[in-house]
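Step one of this worksheet: look at the structure below.
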Amino acid sequence: MKKTLIIFARAPRLGQGKRRLAAGMGSLAAWRFQRWALNRALRRLSRDPRWTCRLATTGGTVKLPRGLQQFPQSRGDLGQRMDQAMRGHGPGPVVLVGTDVPDIAPRHIAAAFKALDTHDAVFGPATDGGYWLVGLRGRPARPDIFSKMRWSSPDTLENSLSRFRSRFSYSLLETLTDIDDAESLARWRAQQRTLLRGA
């Protein structure tokens, strides 16, 4: 069945979104990062022939490369919007990622779809206790992992996993850094400089 990757994003608008990041570095710098991160994710992930990529946006539309589909996120909290985006794609496996993790690469998406060959779900853990990727196998019975969740907490991933253990199987990918504030962005940039020096 067709594999679908959904990039879940807020359209970059100055003064909108990334409030925690803007509080530490200003609205203009936060907007520049948001725009850069979205473009980086689209450039890296959207053209891979192994899956169909769709962009789910809130806060407006985004200028896209030719051939990439865009659709608006539904109303509701984060969990409701993610759930609707993943349910509306068709019967095959679906993987959803945000744009706040600059290290996401095609190999991560390929690993997620491979994990869904033998598991009901896959998660990419983030260093802050959340997750940067979630994927579900296409099947009639989908686990409920999004409703009544406490988002942006150190226990977000653990709370989601707790809903699986009795009925569904899951796999975990490598842990990556989610950029939510100026401190996490500074740490990520320092890691990049270290990697460049060691290359």
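Every number in this text was worked out from the coordinates using simple rules, so none of it is lab data. Note that the structure is predicted; figures quoted are calculated from it, not measured. Using ideal geometry, Cβ is built from the backbone for each residue, glycine included, and neighbour counts are taken over all protein chains shown.
Details
- Amide H within-cut-off set for residue 69, under 5 Å, with H built and near neighbours excluded: 55
- What the pair-distance distribution of region 40-133 shows, using all Cα-Cα distances binned every 5 Å from zero, is 2, 11, 22, 26, 24, 11, 2, 0 percent.
- Between 0 and 90°, nearest 10: helix 78-87 axis offset from the chain longest Cα axis: 50
- Mean ellipticity per residue at 222 nm, deg cm²/dmol - from DSSP H runs of n ≥ 4 across the chain, formula -39500 (n - 2.57): -11000 deg cm²/dmol
- Fewest-first ranking of 82, 25, using other Cβ atoms within 10 Å as the exposure measure: 25, 82
- Computed with the Debye formula from one identical point scatterer per Cα of region 100-199, without solvent, the log10 of I(q)/I(0) at q = 0.14, 0.19 Å⁻¹ comes to -0.59, -0.96.
- Exposure proxy ranking for 31, 51, based on other Cβ atoms within 10 angstrom of each Cβ and starting from the fewest, stands as 31, 51.
- Residues whose amide H lies under 5 Å from that of residue 171, counting only those 5 or more places away or on a different chain, are 121, 122, 123; hydrogens are built 1.01 Å from N in the peptide plane.
- Helix 106-115 and the longest principal axis of the C-alpha atoms of the chain enclose an angle of approximately 20°.
- Cross-link reach list, lysines versus residue 2, counting only Cα pairs under 17 Å and skipping chain neighbours closer than eight places: 114
- Region 84-151: translational diffusion in µm²/s, Stokes-Einstein, Kirkwood Rh over Cα pairs, 10 °C, 1.306 mPa s: 125
- Virtual paramagnetic centre 7 Å along Cα→Cβ of residue 150, amide N under 14 Å, in region 113-140: 129-130
- Using every pair of separate Cα atoms, the Kirkwood estimate puts the hydrodynamic radius of region 4-198 at 17.2 angstrom.
- Taking Cα atoms only, the orientation of helix 27-45 departs from the longest principal axis of the chain by about 40 degrees.
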